[in-house]
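Taking it in order: structure first as structure tokens, then the write-up.
Readers should treat all values here as calculations from the given coordinates under stated rules, not as data from a laboratory. These numbers come from a predicted model, not from an experiment. So basically every Cβ, Gly included, is an ideal-geometry build from the backbone, and we count neighbours across all protein chains shown.
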């Protein structure tokens, strides 16, 4: 198993970085989204000053984890003399910061991640998803070192638009089912040096799912009013920590591979643009269909998606039937690192049929839901 060296969660957590400087260093290079950094900059600088830390470089306005951006920022980190990197923002920024700091692809320094948007489980993993210029998945970068420090300040995350919490639930929704598929098929987990997933990881993945089902809708309602409740924090932690530990040590399978394939759909750039978790939610339903899971479980997952606002149809993610062959071919690539971690052969025809069925079933349940 793997996990971050430290995970700090709760209101005011931004001010918890400085006293953990022994994990990191004394000279920080900060990178992230403009709004994300602006929202925590004063608290971060005050905390740094109190504990004798310096910011020797700052890059605002970064967005996507691409190879040119990794190379550019890694060079800036080295030029600045920074001895650790701080990433501030959501999932793509977390992945970018990990790559920039990594020994394998970047500056080779420790990393602290301040997750201001609970939209994915990226903060707690030792990998990054790298995209190409068209924002299709290009590669998955694996690291031997997990993040040194992860901070999730819930007083900040609760101010983010609710769509990000919902997207995080879509990402976390797959964790249980992918971990189960990996365990059943005797496949490896998602660690660079991994092997068979331990039962502890599968249990964490199950606990992640239980938190979503029990508290997801309540968390969404609280987030809409920017209220920090136990339900909100249960889901914010499920989105980041439980899903992060569960997917990495439990393993990835069809659901996330389907996400990767769906990023090739040209229509997904039409407004409103689907998020990572939206595509994973569709992938999860398709995975359950390919596994021939019982109707009751499929209904539970689809009704959860409808209740919290996740997509259940292809139209909602900008994908048409004409796109399916191309997307399925990308998913089923024999070299894909986790597409074939399933207890059945994942083929293009099988996946196309599963996505068609996902759309048909999802449409039927959505129509029924809307008539309530």
Semi-axes, largest first, in whole Å: what does sqrt of 5 times each Cα gyration tensor eigenvalue give for the chain?
33, 22, 19
Mind ranking 213-221, 88-96 by how tightly packed they are, going by the mean number of other C-beta atoms within 10 angstrom, highest first?
88-96, 213-221
Between helix 348-370 and the chain: long-axis angle, C-alpha atoms, 0 to 90°, nearest 10:
90
Most to least packed among 247-257, 186-196 [average Cβ atoms within 10 Å]
247-257, 186-196
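By per-residue mean of other Cβ atoms within 10 Å, what is the highest-first order of 151-158, 283-290, 344-351? Provide the component values of the computation, followed by the final result.
Details: 151-158: 22.8, 283-290: 26.5, 344-351: 15.9.
Final packing ranking: 283-290, 151-158, 344-351.
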Could you work out how far helix 91-101 tilts from the main Cα principal axis of the chain, as a 0 to 90 degree angle to the nearest 10?
50
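Based only on Cα atoms, what Rg/Rh ratio does segment 6-157 have, Rh being taken as Kirkwood's radius? All intermediate terms of the calculation are to be shown ahead of the outcome.
Details: Rg = 13.8 Å, Rh = 14.8 Å.
My calculation of the ratio gives 0.93.
Given segment 1-153, what percent of its DSSP beta bridges are antiparallel, to the nearest 5? Walk me through the intermediate numbers first.
Values: 5 of 29 bridges.
Counting only bridges with both partners in segment 1-153, antiparallel ones make up about 15 percent.
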Can you compute the equivalent ellipsoid semi-axes for segment 230-295, i.e. the square root of 5 times each eigenvalue of the Cα gyration tensor, sorted largest first and rounded to whole Å?
22, 18, 12
Can you put 237, 1 in order, fewest other beta carbons within 10 Å first?
1, 237
Using helices alone, I'd like the mean residue ellipticity at 222 nm for the chain: each DSSP H run of four-plus residues gives -39500 (n - 2.57), total over residue count, nearest 500.
-15500 deg cm²/dmol
Note down the Stokes-Einstein diffusion coefficient of segment 194-281 in µm²/s, whole number, using a Kirkwood radius over alpha carbon pairs, 37 °C, and 0.692 mPa s.
226
With label points built 7 Å along Cα→Cβ from the Cα atoms of residue 227 and residue 51, find their separation and express it in nm.
3.3
Rg/Rg_ref, segment 217-366, where Rg_ref = 2.2 N^0.38 Å and atoms are Cα
1.06
With equal scatterers on the alpha carbons only and no solvent term, can you work out the Debye log10 of I(q)/I(0) for segment 119-180 at 0.13, 0.16, 0.23 1/Å?
-0.48, -0.73, -1.20
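For segment 155-194, which semi-axes, largest first and in whole Å, follow from the square roots of 5 times the eigenvalues of its Cα gyration tensor? Don't skip to the answer; put the middle values down first.
Numbers: eigenvalues 181, 30, 6 Å².
They are 30, 12, 6 Å, listed largest first.
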Could you give the angle, 0 to 90 degrees to the nearest 10, between helix 67-80's Cα long axis and the longest principal axis of the Cα atoms of the chain?
10
For segment 36-97 and segment 242-283, compute the distance between their C-alpha centroids and round to whole Å.
26
